[in-house]
Amino acid sequence: MIQYNFSYRKLNVYQAARELVKDIYEMSGRFPKEEKYALSDQMRRAVISIPSNIAEGTAKASPKEQFHFLEISYGSLMELMCQTEIALDLLYINTEQFERIESEIGTIYKMLSSMQGTLKSRMQGNQL
């Protein structure tokens, strides 16, 4: 088997986002059956978007394009946060589960913000 060395795999934010995917899939798999194509599906779509857009952004040549894909990841992260709050409101998850997911989301948020700050600096440097 050929091993490829894709740069996004080394990013801590990408690795954390993949862990979040596993946690959301596990958690949402226990939702009521009537939620299979509703909240559960929406949460899974949002969480998959996070590492997917991080990976896609690393393939872009310009910092502006990379920043755009991080913005999409950030939007999906906030969408997931909202959906997790709704899952708590509906009693599909307990407070402990909510706090664990919220903590993971907070960590990823900080990492994305840091990456965006770095890219903003690069973009401003290119404009000088």
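A few comments on the model shown:
- Residue-wise HN-Hα coupling along the stretch 102-114, computed from phi with Karplus coefficients 6.51, -1.76, 1.60 (Hz; x: Gly, Pro): 4, 5, 4, 4, x, 5, 5, 4, 4, 5, 5, 4, 5
- Across Lys36/Lys60; Lys60/Lys110; Lys10/Lys110; Lys22/Lys64; Lys10/Lys60; Lys64/Lys110, pairs whose alpha-carbon gap is larger than 26 Å: Lys36/Lys60; Lys22/Lys64
- Karplus-derived 3J(HN,Hα) values for the stretch 56-62, using 6.51 cos²θ - 1.76 cosθ + 1.60 with θ = phi - 60°, are 5, x, 5, 7, 8, 6, 9 Hz; glycine and proline are entered as x.
- Comparing mean-square fluctuations of Leu112, Leu91, Leu80 from a GNM of the chain with C-alpha springs under 10 Å, the top value falls on Leu91.
- Backbone HN-Hα couplings from phi across the stretch 83-96 [Karplus 6.51/-1.76/1.60, Hz, Gly and Pro as x]: 5, 5, 4, 5, 4, 5, 4, 7, 6, 7, 10, 9, 4, 4
A short reminder: the numbers here are calculations on the coordinates, not readings from a lab. All of these numbers come straight from a predicted model, not from anything done at the bench.
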